[in-house]
């Protein structure tokens, strides 16, 4: 998605939340806020929002010296997600359609806040996604493509969520899946450390980083290694909104976007409601460049 | 209230809403946004939020040439409020306690959105405020002070709301009330034109402007005439959050603040809930400087 004035407000709010949650020392707040406001006062509007997000992360790191303010939350999210996954694993594996059900759990993982919410809320959200009608649902095509593909690139998104991705990948049980994470920390996005912590390497052929630390996939910033996989695989499964934001304009690759829509602007552009879950084929559903 | 990082976000959001509501031509959005972001990147944090609001209004006017973007809404609010006031007038005048009931209507007027809401919502809100328990309620003292005072200064707030103030003032029926409005347009605040349109001049001794166009009362910016009234009257009735923000630190004047709390930060500082209505004596309830 191209940078919109509302993205600027959202980005500033997100930064202030780091201080409200105690993830950064309040002594840095004024300088970080001033630097971000100055950055956005001069920003090029013709760029992807996640590209601007990268610059904001750089400012936070430069001022505070903290490269990974979300670290405590990320560890907590991974551990909590492991607990929840263990709870649902047996029933999913015994389900009439474990592929579809584990895919839904992986999509639910994209929205669940493993932080201050109660168990009740997490269970409720999972049950909702199990039963939800997706306004864009190319899951039948996706599951066919998975069977057909000789090679798959799976783009991971957030910590916590990747635990549910792991179960989905275990059930997919494909011989040639490469799982990609961010190269270094940004927001609560999963890195190599997280992927190895939750054991993604046990269910895929290889785990790589994308060589970049945008909160999504920016093809002009990723590593050559990542780009080689991206260009050569038969199928790309892209999880979450950040990856969608960076790749939504691509309509000539066999990409399936699995996400919960967590932004009103993106919901409006896709033509779905805020909070909807979608499984969207880039080849089947052409969208305008957002 | 002193400028808080959240006020900056709120101010930017408010500005963007002018474009979303079609009150300003979208061709000005980028320059206005960049100028406001630059202003806030260098802003002095040791000032009142409404003082920063004045600068934002100045930027909007400089870039767009529009001095009163809210004008169409303001006219609509005044007209709508007149309709509602006529509907409630008889029952209030026949009530066992018309002073208290008209005061409550005047406070309800501080929160009602006369814009896109339905009649049902406005009526519901009015009925709620008629019945509400105010967490800070110095209304008995206020009504005593009104009887005792030889001179009253009534600080108006928003368009629409001033129609309900008019009914309250008619029922107060005091011989020496001066009603103050903003000197020139800012947000949807009432100016002299609005006061005369709704006929405030028929129920008070005099209508004056405060000589300033902050969205509240900034004593270091108001006119000498306003300051003379402010310093010499026996009682000041201050309507709304903007006036409260500018005067909340004053604890040695006989001011009564009548408002609906529409900001979480202010609610936290006063120790009430967002959305609560209060009637608060500055002499009785000392508060820290917010």
* Structure fact -> Computed over the range A:158-254, the Cα gyration tensor eigenvalues, each multiplied by 5 and square-rooted, give semi-axes in Å (largest first) of 19, 16, 12
* Structure fact -> Going fewest to most other Cβ atoms within 10 Å around each Cβ, B:70, A:257, A:134 line up as A:134, B:70, A:257
* Using bins 10 angstrom wide from zero, how does P(r) for the range A:72-281 break down, in % of all Cα pairs? -> 9, 39, 40, 12, 0
* To do: With springs only between Cα atoms under 10 Å apart, run a GNM on chain B and tell me which of B:202, B:158, B:252 wobbles the most.
  => B:252
* Asked: Kirkwood Rh over Cα pairs of the range B:1-71 into Stokes-Einstein at 20 °C, 1.002 mPa s: D in µm²/s?
  -> 175
* Structure fact -> the range A:233-283: spread of alpha-carbon positions along the three principal axes, whole Å, largest first, is 31, 15, 15
* Roughly how compact is the range A:72-168, stated as its Cα Rg over 2.2 N^0.38 Å to two decimals? -> 1.09
* To do: Write down, largest first, the equivalent ellipsoid semi-axes of the range A:147-203 in whole Å, where each equals the square root of 5 times an eigenvalue of the alpha-carbon gyration tensor.
  => 20, 11, 9
* Asked: Under the rule of -39500 (n - 2.57) per DSSP H run of 4 or more residues, summed and divided by the residues of the protein assembly as shown, what mean residue ellipticity at 222 nm is obtained, to the nearest 500 deg cm²/dmol?
  -> -15500 deg cm²/dmol
* Among A:212, A:224, which comes first, then next, by fewest other beta-carbon atoms within 10 Å? -> A:224, A:212
* To do: Hey, could you grab the Kirkwood Rh for the range B:21-140? Inverse mean 1/r over distinct alpha carbon pairs, Å, one decimal.
  => 17.6
* Structure fact -> Quotient of Cα radius of gyration and Kirkwood radius for the protein assembly as shown, i.e. Rg/Rh, equals 1.07
* GNM top mover of A:20, A:54, A:80 - chain A, alpha-carbon springs below 10 Å -> A:20
* To do: Rank these for me by crowding, B:127, B:170, going from fewest to most other beta carbons within 10 Å.
  => B:127, B:170
* Structure fact -> Inter-part gap, Cα centre of the range B:261-278 to Cα centre of the range B:131-152, in whole angstrom, is 19
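Readers should treat all values here as calculations from the given coordinates under stated rules, not as data from a laboratory. Not measured: the values here are computed from a predicted model. We place every Cβ from the backbone using ideal geometry, glycine too, and count neighbours over all the protein chains shown.
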